[in-house]
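Working notes for the structure below.
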Amino acid sequence: MNKEWLKEMEKEGTPAYVFDLDVFRNRFSYLHNGIGTDTGLTFSMKANPFLTKAAAEIAEHIEVCSFGEFCLCRQLGIKQEKLLISGVLKKEDDTREMVSYGKEKALYTAESPDQMAILNQCAEQLGITIKVLPRLSSGSQFGMDADTVKSLIANRDKYPYLEIIGIHFFSGTQKKALKKHYKEIAMLDAFLLSVEAETGYHLQMLEYGTGFGVPYFVDQKETVTTPESLAEFKALLAGMKWQGHKSVEMGRALAYSCGSYFTAIDDLKTTDGDNYVICDGGIHQLHYDGQLRGMYIPDIDVISKYPSGMEETYAICGSLCTTNDILVSGFRHSKLHKGDILVFENTGAYSFYEGMSLFLSHELPVVWLADQNGLKLARGRRETWMLNGDGCATIAE
């Protein structure tokens, strides 16, 4: 963070996010090279929609998991062939609009036989054939069981406007060891081979959500995303007996390291011997997966105009009227002062979307995008009070 950037950020104040696009691109290149560039790499935009435009330039696909995310992609002018339109629920009217935009060039997942029928109907109305990936369930509410997927493939003539080109599979996030991937890849390999043996139909594509875990807190290290583990994962994919195009999805693993959250210290106090920092952000805007009442300490930088002094212990708290609003409970640092800026690192994925954004009608934080050319204001401060009251709909519009 250079001084010119800080000077620019002062115009909008805190709380604020900065997403470094160069860090994101470098991370993307590192992971893609690690798993092998012959394997496609899809960006799950739910991890951070502000990275969507940059990701579309380098990713095989952008995974879209809601109609709102689709609308954002359309507004950004994301090319149809870049869209992998997914999501647990696809309403009929929304699906019709998404298919009308994506047409034959986009990919579409199907979570149920009903969604297969809706997609077929939408394609029929447009007089086109669209490419579909039925989603294979891992035992959750996502997707369909193996027998249902096989039945859809065996009876694919019931869906004449759909081309079933492969399957989609995702079982969860923050997997910090490859042990589960070994089991999943073996299961998927067997399933893909059994489909061909039982139905005579060859699936051309596997879209696999890795759920790679990342380190958020001090003393944690990368595990599944080290060069050695990526090489092992690459070999695991290469060892599949089924032959077809393999594409993997990542969100958190791609985006987490590119974000920083800035929040200013607005008050300090000592109560019964404990030092409390009150900042203008809070848990409604900042979330680390695995954090529990501030017990774990993420990487935090302090920007201060004051000379350093003796080290003290602080509880860093936000501005919410709840005792749960503890960002870090045991932060050791030289004496902090009102006006200091706390910079929470590794906040590029999910962090600001998993908080309670509308709680207490606080404002939404400023969002900046950064690269070698400098800072760009992506979103100024947005008030939320008009979204939370009866009769405020007109004001919100």
> Residue-wise, which Karplus ³J(HN,Hα) couplings in Hz belong to the range 335-347, taking 6.51 cos²θ - 1.76 cosθ + 1.60, θ = phi - 60°, and x for glycine or proline?
Replying inline: 3, 8, 9, 4, x, 4, 10, 9, 10, 8, 8, 6, 10
> Can you give the extra length, in nm with one decimal, that the chain gains between D114 and C71 once fully stretched, where that is 0.36 nm per residue apart less the Cα-Cα distance?
Replying inline: 13.2 nm
> What is the spin-label model distance, in nm, from E8 to S357 if the labels are put 7 Å beyond Cα along the C-beta direction?
Replying inline: 2.4
> From the phi of every residue in the range 375-387, what ³J(HN,Hα) in whole Hz does the Karplus formula 6.51 cos²θ - 1.76 cosθ + 1.60 yield, where θ is phi - 60° and glycine or proline is x?
Replying inline: 9, 10, 6, 8, 7, x, 4, 10, 6, 10, 4, 6, 8
> What nm distance separates the two modelled labels at E124 and D145, each placed 7 Å from Cα along Cα→Cβ?
Replying inline: 2.8
>> Compute a Gaussian network model of the chain, connecting alpha carbons closer than 10 Å, and tell me which residue from E124, E111, E311 fluctuates the most.
In response: E311
>> Can you compute 3J(HN,Hα) from phi for each residue in the range 244-258, using the Karplus curve 6.51 cos²θ - 1.76 cosθ + 1.60 with θ = phi - 60°, rounded to whole Hz and x for Gly and Pro?
In response: x, 7, 10, 9, 10, 9, 9, x, 4, 5, 7, 9, 4, 7, 8
> Considering only the range 36-250, what is the antiparallel percent among its DSSP beta bridges, to the nearest 5?
Replying inline: 0
> Mind checking the dipole of the chain: about its Cα centre, +1 per Lys or Arg Cβ, -1 per Asp or Glu Cβ, Debye to the nearest 20?
Replying inline: 560
> Using 1/(1 + (r/R0)^6) with R0 = 45 angstrom and r between the beta carbons of K221 and T384, what's the FRET efficiency to the nearest 0.05?
Replying inline: 0.75
> What distance in nm separates the simple spin-label points at I58 and E345, each placed 7 Å from Cα in the Cβ direction?
Replying inline: 1.9
> Could you work out the helix-only [θ] at 222 nm for the chain, with each DSSP H run of four or more residues adding -39,500 (n - 2.57) and the total divided by the number of residues, to the nearest 500 deg cm²/dmol?
Replying inline: -8500 deg cm²/dmol
>> Using a Cα-Cα cut-off of under 17 Å, which lysines could be cross-linked to K158, ignoring same-chain neighbours fewer than 8 residues away?
In response: K131, K150
> With the chain treated as a Gaussian network of Cα nodes joined by springs under 10 Å, which of R381, R332, R252 yields the largest mean-square fluctuation?
Replying inline: R332
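Could you pull out every whole DSSP H run in the chain that spans at least 27 Å of Cα extent along its own axis and averages -0.5 or higher on the Kyte-Doolittle scale?
179-199
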> Over the range 36-250, what is the mean sequence separation of C-alpha contacts under 8 Å (at least six apart), divided by residue count, expressed as relative contact order in percent?
Replying inline: 18
> Do any of K53/K90; K175/K246; K11/K338; K91/K176; K79/K241; K90/K221 go past 30 Å between their Cα atoms, and which?
Replying inline: K91/K176; K79/K241; K90/K221
> So what is the relative contact order for the chain, in percent, with contacts set as C-alpha pairs under 8 Å and at least six apart?
Replying inline: 18
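Taken together, the values in this text are just the output of simple stated rules run on the coordinates, not laboratory data. As the structure is a prediction and not an experimental result, all values here were calculated from the model. Note that each Cβ is placed from the backbone with ideal geometry, even for glycine, and that neighbours are counted across all protein chains shown.
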